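First comes the structure, then the notes that go with it.
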Amino acid sequence: MTIPTRLVLRALLHDPTPRYGLEIGRATGLPSGTIHPILARLELCGWVRSEWEDVDPITAGRPIRRYYAVTRKGQELGRRALAEQARRGDAGARVWRPGEMLP
């Protein structure tokens, strides 16, 4: 698992409420072009689910957002995978705090 994937997964596990890509980017310090492919892969694996918000973009004054949340499967397997990598001493598996930038 790459360091950016770990950061995204940890951000989702830290706060399981649905969040949109820009919020996840702020929490991880990663750009949108990195975040969204990771979210797509995690969704294909069943670790993340997403849905478009139900708002009128004209009334909201902004584009419609797609919200992402970690699934139960993602919580269980994601925590297990991150813990295993930390136990093995994999580079980038150190403790991470939300909002911390990628080294």
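The values are calculated or read from the model by the stated rules, or taken from the named source; none is laboratory data. This one's a predicted model, so the numbers in the text were calculated from it and none came from an experiment. Because the Cβ atoms are built from the backbone with ideal geometry, glycine has one as well, and the counts that use them run over all protein chains shown. Accessible surface areas use protein heavy atoms only, side chains included; no ligands, DNA or RNA. Shrake-Rupley method; radii C 1.70, N 1.55, O 1.52, S 1.80 Å.
At a glance:
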quantity	calculated
Total charge dipole magnitude, the stretch 46-88, about the Cα centre, Cβ charges on Lys, Arg, Asp, Glu only, Debye to nearest 20	420
Within the stretch 1-60: Cβ-based charge dipole about Cα centre, in debye rounded to nearest 20 (Lys, Arg +1; Asp, Glu -1)	440
Within the stretch 20-62: backbone nitrogen closer than 17 Å to the Glu76 label point (7 Å, Cα to C-beta)	45-49
Cα-based shape type of the stretch 18-60, given that a ≥ b ≥ c are square roots of the gyration tensor eigenvalues and the cut on a/c is 1.5	oblate
Using alpha-carbon coordinates, inclination of helix 32-44 to the longest axis of the chain, degrees	80
Surface per residue (accessible, 1.4 Å probe) for the chain, Å²	60
Rounded tilt (10° steps) of 3-14 against the dominant C-alpha axis of the chain	70
Taking the stretch 39-90 and dividing mean pair separation by its residue count, relative contact order in percent (alpha carbons under 8 Å, at least six apart)	34
Pairwise label distance in nanometres, Met1 with Ser32, each label 7 Å out on the Cα-Cβ vector	2.6
Quotient of Cα Rg and 2.2 N^0.38 Å for the chain, N being how many residues it contains	1.10
The chain: relative contact order as a whole-number percent, Cα under 8 Å and 6+ apart	35
Size of electric dipole in the chain: Cβ of Lys, Arg +1 and of Asp, Glu -1, about Cα centre, debye, nearest 20	420
Tyr20 long-range amide H proximity, modeled H, under 5 Å	Tyr68
Residue list for the stretch 45-62, given a label point 7 angstrom along the Cα-to-Cβ vector of Leu22 and an amide N cut-off under 12 Å	61-62
Nearest-ten-degree value, helix 72-88 long axis tilted from longest Cα axis of the chain	30
